Amino acid sequence: MFDIVGEFQIGDDISPLDPDSVDSVVVYGLYGHPLTHQATGYSLVYNQLYPYEGLQNYTSGIIHHVRLTGLRPNTLYQYQCGDPLQGMSNLYYFKTMPVSGPKSYPSRIAVVGDLGLTYNTTSTVEHLTSNHPDLILLVGDVSYANLYLTNGTGADCYSCSFPQTPIHETYQPRWDYWGRYMQPLISNVPIMVIEGNHEIELQAENQAFVAYSSRFAFPSEESGSLSTLYYSFNAGGVHFVMLGAYAPYDETSDQYKWLEADMASVDRKVTPWLVATFHAPWYSTYIAHYREAECMRVAMEDLLYKCGVDIVFNGHVHAYERLNRVYNYTLDPCAPVYITVGDGGNREKMAITHADEPGNCPEPSTTPDTYMGGFCAFNFTSGPAAGKFCWDEQPEYSAYRESSFGHGILEVKNETHALWTWHRNRDLYRAAGDQIYIVRQPEKCQVE
C-alpha cells in the first residue's frame, strides 16, 4: 500500500506528494460474492505549515476519498481500496445502515469522546469493539496532536509546559499513528466525527481544522451544509445533527440558518428520533470547562427545544455525566437528555472536581471559550442557585456523574424507547456502569 498512500514527511525541507500520481478506487460487492462493483474518487494531501524558524513543517501521505452509491440498506459488503495498477488493500467489510423508517434502527450505536491515543484509549476501544457497534459517533478531540511540539515533545497541558511558543504547535504524525491504530475497527464500522477544540490546529495563513477536514468524510453537501464543521445524516429512524461548537453559531450565522432548515426538513414519521451532538457541553457540573459553552447554549437551545431534540451527546469534559431532561437549567419533561462522554482516553487526565463542592466554584471571568470568545455566563436568576454562579449541591438536573474512562452504547428499540448504557473501562466487558431507558412522549411533547 505504500505506493498508493506514500508516507508523511516532517522537517525543514518537505516535498508534498502528488495526489494525482495514483487513482482512488474502491472495488466492492456483497459479502461472500465477487467484487463486481467499482467506484472512483479523488485523493489529496494536506500540509501543516508554520511561519516561524525552527518549527518543523508537515505534509501528509496521500489521502483517498471515494463515495459509494446505490448500496442496499442493512446489507453486508466487502471491499478493497487502492489503485488497481499500483496496489490494492486487504479485503475489508462493512454493513450499511438500515433504511430510514420508524421501525428500522441500527442495533447498537457507540458514542465516545476525547479519545486520543493512550493506554486508556486502547482499553476504551477494546471495550467498545466487544459491544459490536453498527455505527460510531466520535464527539470531538481525536488525536490530540496539538499537545505536542513539532519535534514530538508532548505534555498533558500544552500551555503549562510550552507557554513561550509563538503559535500553538502540533505534531501531525499523531494523526497517522491514530489512524493506523483505529484501522482494524473503523475499516469495518462506519464512524461519524464532529470537531473538538483539539482539532482547531492553527497554522500559517490562519488556517484551522485542516487535518480534521482532510482525513474524514462528511455528508456536508448531502445535508445542505457548507462546512465540514456541521452536518446531518440519517441512520435508520434516527436523524443525527452534528453541530460545530467552534464555528459561528449565533442567529445570523450560516450554521444557525442551516440548522433551522435542517430541522424543518425532518419528518418525525420517518425518523422519530432526533439526536444532536457537539463537543462542548451546555450542561456540566465539573469545574473543567464549567459553563464554557454558555454562548452557544444561549444562541441555540431554544431551537433544539422547539424542534423536540431527544438526546444531546457531548465530550470535552473528561468524565461521564448524564443529565435529566433540562431546558434553561430547569427540569422539563420535553427537553433533551444531555449526556457527556468525554472519557474516551485523552492524555489530559480525568476531570474530578465538581463546581458545586465547597470552594470550587470558578470565577465567571475564567469560563468563556478562548477560541470562540464572547461572555454569556452570569449568575443564575432563579431556582435553588439564584444569585450564584454555581449550585451548593449536585444540581437536580444532574442525574449521574463519575470520573472514569469509558464509552456508551445507544440501542434504539422503537419509536419511543431507547436503551442507553455507559460502560466503564475498569469493568468486565459489557458490564453496565450506568443504564437507563430514554422514553419519547410525542403525544405530550409537541414539536414545531
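Derivation of every value follows stated rules applied to the coordinates shown; laboratory data play no part. Predicted, not measured: the structure shown is a model, and the values here were computed from it. Neighbour counts run over all protein chains shown; Cβ positions are idealised from the backbone, glycine included.
Tabulated data
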read-out	value
Within-9-Å neighbourhood charge of Cys376 [Cβ basis; K, R +1; D, E -1]	+1
Listed residue pairs exceeding 26 Å between alpha carbons, taken from Lys269/Lys306; Lys306/Lys413; Lys95/Lys413; Lys306/Lys349; Lys95/Lys444; Lys269/Lys444	Lys306/Lys349; Lys95/Lys444
Of the trypsin sites (Lys or Arg not before Pro) in the stretch 169-270, those whose Cβ has at most 14 other Cβ within 10 Å and which sit in DSSP loop	Lys269
For the stretch 1-96: rounded, prolate or oblate by the Cα gyration tensor [a/c cutoff 1.5]	prolate
The chain: Cys lacking any partner C-beta under 4.7 angstrom	Cys81, Cys307
For the stretch 5-164: rounded, prolate or oblate by the Cα gyration tensor [a/c cutoff 1.5]	oblate
Among beta bridges that DSSP assigns inside the chain, antiparallel share in %, nearest 5	75
Separation between Cα centres of the stretch 155-201 and the stretch 70-111, rounded to whole Å	26
Neighbour cut-off at most 12 other Cβ (10 Å), DSSP loop, chymotrypsin sites (Phe, Trp or Tyr not before Pro), the stretch 344-431	Tyr371, Phe375, Phe378, Tyr429
Length gained when the stretch His65-Lys413 is fully extended (0.36 nm per residue, less Cα-Cα span)	121.9 nm
Of the trypsin sites (Lys or Arg not before Pro) in the stretch 90-140, those whose Cβ has at most 11 other Cβ within 10 Å and which sit in DSSP loop	Lys103
Karplus (6.51, -1.76, 1.60) ³J(HN,Hα), θ = phi - 60°, over the stretch 30-38, in Hz, Gly and Pro reported as x	4, 4, x, 10, x, 7, 8, 10, 9
The chain - charge dipole about Cα centre, Lys and Arg +1 at Cβ, Asp and Glu -1, debye rounded to 20	1560
Efficiency of FRET between Thr96 and Ala208 - r from beta-carbon atoms, R0 22 angstrom, step 0.05	0.10
Neighbour net charge for Gly101 - beta-carbon separation under 15 angstrom, K R +1, D E -1	+3
Whether the chain is rounded, prolate or oblate, judged on the alpha carbon gyration tensor where a/c under 1.5 counts as rounded	oblate
